[in-house]
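S.K.: Quick one: structure below, then a few questions.
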Amino acid sequence: MGSLFRRLNVGIFGFFWFCGVAAADTPARPLTVVELYTSQSCGYCPDAEVFLQDLSDQRPDVLALQFHIDYWDYMGWRDTLARPENAERQKAYKRNLQNRRVYTPQMVIHGAYEVSGDRPEKALAQINAVEPRADIALKAQRAGDEVVVTLGQADLPQDAVIWFVPYMENPKPVAIKRGDNRGRTLKSSNVVKGIRRVGAWSGDAGVMRVSLTEDERGLACAVIAQTPGMGPVIAAARCEDSSAM
């Protein structure tokens, strides 16, 4: 089924790429944040993770992130990539997006919309409908053992929460021995490893410095500015090396 899903994605992306991404000679489209809540114990999740990988590979305007949750661990397999705070983040979205339940695979798009991660056509349509703010300058630059976050002047209705998001781009594949995915070897991508709040932003121009922990130094990372209470995303930036800035 995974190969069929990937072949389906080729056709979907062939159509939606031109609908969602500007031409090469126009300014780069600001990032749209896509959060996939997933689990190694969920039989529907591997195909959603393939779709997220395709998004990451083919859509430079999408920050695609996996948040592994632990509430399906009782089904016989403990997710080796799960973190308790990921489920708490998803539950906060449940309240804000007025969902009746949390589930996997769930995609939260730019903090404002949600869709099942195994419905790629619907997800892509929603991603393409997002209009990220182009008037906000947010950059993140690695500098030794810290990340320097540069914030431009912006008109914000209230202070934004600044999240620091370290993630593993290509963790080792995991052989699943029990549960719905028993016998499969699952390969994940862009797996979040400890999202943390590092400050607030009033909209004034400034610089924020984020010290990296030892575990974070070898990981990719991003910075997200978000409306308080797990509201809509305001802006996002991938961390860049100093040589690339």
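The values are calculated or read from the model by the stated rules, or taken from the named source; none is laboratory data. The structure displayed is predicted, hence computed values, not measured ones. Cβ atoms come from the backbone with ideal geometry, glycine included; neighbour counts cover every protein chain shown.
S.K.: Please work out which residue is surrounded by the fewest Cβ atoms within 10 Å (Cβ to Cβ), limiting yourself to the range 61-73 and to residues that are over 14 Å from residue 167 (Cα atoms) and under 13 Å from the mean Cα position of the chain (by Cα).
M.R.: First pass over the range 61-73, keeping only residues over 14 Å from residue 167 (Cα atoms): 61-62, 69-73.
Then drop every residue that is not under 13 Å from the mean Cα position of the chain (by Cα), which leaves 61-62.
Working: 61: 17, 62: 24.
That would be 61.
S.K.: Still on this model: Output the number of residues of the range 199-230 satisfying the condition of being in contact with a Lys or Arg (Cβ under 9 Å, 6 or more places away or on another chain), of a type in the set (A, V, I, L, M, F, W, C) and closer than 28 Å to residue 98 by Cα.
M.R.: 3
S.K.: Listed residues 141, 98; which is under 15 Å from residue 236 (Cβ atoms) and more than 14 Å from the chain's Cα centre (by Cα)? It would help to see each step written out before you state the result.
M.R.: On the way: 98 fails: under 15 Å from residue 236 (Cβ atoms).
When all the criteria are applied, what remains is 141.
To keep it simple, each residue is scored yes or no on (1) loosely packed, with under 15 Cβ neighbours inside 10 Å; (2) acidic (Asp, Glu); (3) within 29 Å of residue 217 (Cβ to Cβ).
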| site | (1), (2), (3) |
| --- | --- |
| 89 | no, no, yes |
| 98 | yes, no, no |
| 104 | no, no, no |
| 110 | no, no, yes |
| 152 | yes, no, yes |
| 160 | no, no, yes |
| 167 | no, no, yes |
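S.K.: Working carefully through the options 133, 209, 217, find the one that is assigned to a strand (DSSP E or B) and among the basic types (Lys, Arg). I'd like the intermediate steps shown before the answer.
M.R.: Working: 133 fails: assigned to a strand (DSSP E or B); 217 fails: assigned to a strand (DSSP E or B).
That would be 209, the only listed residue that is assigned to a strand (DSSP E or B) and among the basic types (Lys, Arg).
S.K.: Tally time: how many residues in the range 135-170 are of a type outside the set (D, E, K, R), touching a residue at least 24 places away in the same chain (Cβ under 8 Å) and over 20 Å from residue 33 (Cβ atoms)?
M.R.: 3
S.K.: Determine, yes or no, whether residue 82 is of a type in the set (Gly, Ala, Ser) and either under 26 Å from residue 40 (Cβ atoms) or surrounded by fewer than 22 Cβ atoms within 10 Å (Cβ to Cβ) (or both). Spell out how you get there, then give the answer.
M.R.: Numbers: of a type in the set (Gly, Ala, Ser): yes; either under 26 Å from residue 40 (Cβ atoms) or surrounded by fewer than 22 Cβ atoms within 10 Å (Cβ to Cβ) (or both): yes.
The answer is yes for residue 82.
S.K.: So which residues in the range 206-245 are in contact with a strand residue (DSSP E or B) (Cβ under 7 Å, 6 or more places away or on another chain), surrounded by 11 or more Cβ atoms within 10 Å (Cβ to Cβ) and over 13 Å from residue 164 (Cβ atoms)?
M.R.: 206, 227, 233, 234, 235, 240, 245
S.K.: Condition first: in a helix (DSSP H, G or I) and in contact (Cβ under 8 Å) with a residue 40 or more places away in the chain. Now tell me which residues in the range 88-117 satisfy that. Reasoning before the result, please.
M.R.: Keep residues of the range 88-117 that are in a helix (DSSP H, G or I), which gives 88-97.
Passing the criteria: 89, 90, 92, 93, 95, 96.
S.K.: Take residue 150 and tell me if it is part of a loop (DSSP other than H, G, I, E, B), at pLDDT 95 or above and of a type in the set (S, T, N, Q). Give the steps one after another, and end with the answer.
M.R.: Values: part of a loop (DSSP other than H, G, I, E, B): no; at pLDDT 95 or above: yes; of a type in the set (S, T, N, Q): yes.
No; evaluated as a whole, the condition is false for this residue.
S.K.: With respect to residue 205, is the statement that it is closer than 20 Å to residue 113 by Cα and among the aliphatic types (A, V, I, L, M) true?
M.R.: Working: closer than 20 Å to residue 113 by Cα: no; among the aliphatic types (A, V, I, L, M): yes.
It is false that residue 205 is closer than 20 Å to residue 113 by Cα and among the aliphatic types (A, V, I, L, M).
S.K.: Among the candidates 125, 175, 129, single out the residue that is out of contact with any His (no Cβ under 6 Å at 6 or more places or on another chain), small (Gly, Ala, Ser) and touching a residue at least 60 places away in the same chain (Cβ under 8 Å). I'd like the intermediate steps shown before the answer.
M.R.: Numbers: 175 fails: touching a residue at least 60 places away in the same chain (Cβ under 8 Å); 129 fails: touching a residue at least 60 places away in the same chain (Cβ under 8 Å).
The match here is 125.
S.K.: Among the residues of the range 119-138, is any crowded, with 22+ Cβ neighbours inside 10 Å and under 14 Å from residue 224 (Cα atoms)?
M.R.: Checked against the condition, which is being crowded, with 22+ Cβ neighbours inside 10 Å and under 14 Å from residue 224 (Cα atoms), the range 119-138 yields at least one hit.
S.K.: Can you tell me which residue among 53, 40 is touching a Ser or Thr at 6+ places or on another chain (Cβ under 8 Å), part of a loop (DSSP other than H, G, I, E, B), surrounded by 15 or more Cβ atoms within 10 Å (Cβ to Cβ) and of a type in the set (S, T, N, Q)? Spell out how you get there, then give the answer.
M.R.: Details: 53 fails: part of a loop (DSSP other than H, G, I, E, B).
Criteria check complete, one pass: 40.
S.K.: Scan the range 109-142 residue by residue and report those that are of a type in the set (Gly, Ala, Ser) and at pLDDT below 95. Let's see the steps before the verdict.
M.R.: Narrowing the range 109-142 to residues of a type in the set (Gly, Ala, Ser): 111-112, 116-117, 123, 125, 129, 134, 137, 140.
134, 137, listed by residue number.
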